[in-house]
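Only one structure is covered here, and it is reproduced in the block below.
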Amino acid sequence: MDELLLRGLTPSVLTILVRRGADFAAAEDAVQDALVEAVRVWPDDPPRDPKGWLVTVAWRRFLDATRADAARRRREEVVDGEPEPGPAAAVDDTLQLYFLCAHPSLTPSSAVALTLRAVGGLTTRQIAQAYLVPETTMAQRISRAKRTVSTVRFDQPGDVATVLRVLYLVFNEGYSGDVDLVVEAIRLTRQLAASIDHPEVAGLLALMLLHHARRAARTTPDGSLVPLAEQDRGLWDTRLIAEGVAVLQAALARDRLGEFQAQAAIAALHADAPRAEETDWVQGVEWYDELVGLTDSPVVRLNRAVAVGEADGPRAGLAALAGVDDALPRYAAVEAHLRERDGDLAAAARLYVEAARKAVDLAEHAHLTKQAARLNGLLRGPRNAAEPSP
Amino acid sequence: MAKYLLLKHYRGAPAAVNDVPMDQWTPEEITAHVQYMNDFARRLEETGEFVDGQALAPQGTFVRYDGEGRPPVTDGPFAETKDLIAGWMVIDVDSYERAVELAGELSAAPGAGGRPIHEWLELRPFLTSSHTIAD
């Protein structure tokens, strides 16, 4: 039973039902029923045309549910006018579904849940597990989202930027349980890239591939963070890096730069360096300048200060930091890093403690506390000092 | 089986015996401490006694309804005795004695110098609703 095949077929089956006149929420329920039926039947009796099979079964389910409904007669008139189920058209019509699920009327968390369910074909249980909430909570969130978009016209053009933001949210959520959201986000972004020709879709796909390629090196088996400079680059997935760079280059060649392409370009610079010291930080600063121009985001300015610190030394980095809002979550961590490189260990240790207190991630909290502990060890003198980190 | 809440406090509890702030430990001591906590939770999963555990960020605010659209936010009404919860673990065990035993074990997580912290943990039973109908 190929679960990925099923999930890949889900969005187009759903779209076909909606095209035939089913309302979104009912169509979605019918498709979920058909998927469950497929899992039961296919291992013994695989269909010749899986998509056609799913469409037929889902359509029957939809009709059954509709007939059972109180508004039976009125709906049957609609249904009567519709064409009989037949072989599914081989056109890729999932794009509208992406737009619908990322509709601006939805909150980000609802958009994420609906996308994973309708476009990704995940079950409510799988999504709930991935987000560590009870299944009933996730079921409510999804049905609320379905109600919200039920009045949205399905043929309106959507906003690609919103879709990309939702996919990036899924990617950044990481993983737990039996669904790897990182892998799922990449799969959905690939699917989107196949159905729409847009340089920023390619930019996001490249960014995800390049980040994902470093995943094995980013944490130790016990879950501690490994900073970029200390990662074992032998663990990086060179196949993913090559793919990400190729996707990025094709996007950049079209000369319509956007923030995901620029971020991917920075990720590519890191992926390109055989050793951390060989990172092309000067080019990195140039890309951050582009990003500041595109987004003017305080977080980008903060990251730019790190790049400036590497390219032109810690003093220059601190000067770049001076213009950044110091209320940002990682501000203290960045300042600590630059102060340490500038030789002010006492200030750096104090800032690492402050950064740890502000951290929202457990692994990050432990990492920053360890940085403070390492510096405090050095400050106490060689007798008690911990080994300096590489 | 009865559920108990093990509460770990940032401040407010009496000082631990081995009371050294974590940023004064060595990085290795921190790693050992985290490892101990993880191992403890994993072992309770194996014995079927683990329910849930979460760490909480030290930031927190007090909020109170104060009229339409303007709930006041303060840093806390008890500034001198501010007692913030650092994290919790919920266990489901056979007896109070077992709960005390496990809390003691968790309190013995290694700290500075690899010696147990001996920190105070709060242990509270959950109120449950009875499934027995008495008429």
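The values are calculated or read from the model by the stated rules, or taken from the named source; none is laboratory data. For clarity, every value in this text was computed on a predicted model and none was experimentally measured. Quick reminder, even Gly has a Cβ in these numbers, built from the backbone with ideal geometry, and neighbours come from all protein chains shown. Note: areas computed on protein heavy atoms with side chains; ligands, DNA, RNA excluded. Shrake-Rupley method; radii C 1.70, N 1.55, O 1.52, S 1.80 Å.
Structure above, values below:
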{"quantity": "J(HN,Hα) series, region A:182-191, from Karplus relation 6.51 cos²θ - 1.76 cosθ + 1.60, nearest Hz, glycine and proline x", "calculated": "5, 5, 5, 4, 5, 4, 5, 5, 4, 4"}
{"quantity": "Heavy-atom accessible area order for B:M89, B:M1, B:M22, A:M138, largest first, 1.4 Å probe", "calculated": "B:M1, B:M22, B:M89, A:M138"}
{"quantity": "From phi via Karplus (6.51, -1.76, 1.60), per-residue ³J(HN,Hα) for region B:65-71 in Hz, x at Gly/Pro", "calculated": "4, 9, x, 3, x, 9, x"}
{"quantity": "Probe 1.4 Å - accessible area at B:D66, Å² to nearest ten", "calculated": "60 Å²"}
{"quantity": "Estimated vicinal HN-Hα couplings, Hz - region B:22-30 in sequence order (Karplus 6.51, -1.76, 1.60; Gly, Pro = x)", "calculated": "4, 6, 9, 7, 8, x, 5, 5, 5"}
{"quantity": "Mean ellipticity per residue at 222 nm, deg cm²/dmol - from DSSP H runs of n ≥ 4 across the protein assembly as shown, formula -39500 (n - 2.57)", "calculated": "-17500 deg cm²/dmol"}
{"quantity": "The protein assembly as shown: antiparallel DSSP beta bridges as a percent of all, rounded to 5", "calculated": "100 percent"}
{"quantity": "Dipole in debye (nearest 20) - region A:93-173, about Cα centre, beta carbon charges: Lys, Arg +1; Asp, Glu -1", "calculated": "260 debye"}
{"quantity": "GluC sites (Glu not before Pro) within region A:232-332, DSSP loop, no more than 16 other Cβ atoms inside 10 Å", "calculated": "none"}
{"quantity": "Which of A:L132, A:L235 is most accessible, then next, and so on - probe 1.4 Å", "calculated": "A:L132, A:L235"}
{"quantity": "Mean Cα-pair separation over length for chain A, i.e. relative contact order, pairs under 8 Å, 6 or more apart, %", "calculated": "9 percent"}
{"quantity": "Within a Gaussian network of chain A (alpha carbon springs, distance under 10 Å), most fluctuating of A:E335, A:E354, A:E184", "calculated": "A:E354"}
{"quantity": "In Å², nearest 10: area of A:V285 left accessible to a 1.4 Å probe", "calculated": "20 Å²"}
{"quantity": "Debye, to nearest 20: dipole size of chain B, +1 on Lys, Arg Cβ, -1 on Asp, Glu Cβ", "calculated": "260 debye"}
{"quantity": "For chain B: relative contact order, % (alpha-carbon pairs under 8 angstrom, 6 or more apart)", "calculated": "47 percent"}
{"quantity": "Residue (of A:V282, B:Y65, B:L123) at the positive-pole extreme of the protein assembly as shown, dipole from beta-carbon charges", "calculated": "B:Y65"}
{"quantity": "Electrostatic dipole magnitude of the protein assembly as shown [Cβ: Lys, Arg +1; Asp, Glu -1; Cα centre; debye, to 20]", "calculated": "640 debye"}
{"quantity": "Eligible aspartates and glutamates near B:K3 by straight Cα distance, threshold 18 Å, same-chain separation 8 or greater", "calculated": "B:E45, B:E46, B:E49, B:D52, B:D92, B:D94, B:E97, B:E101, B:E105, B:E122"}
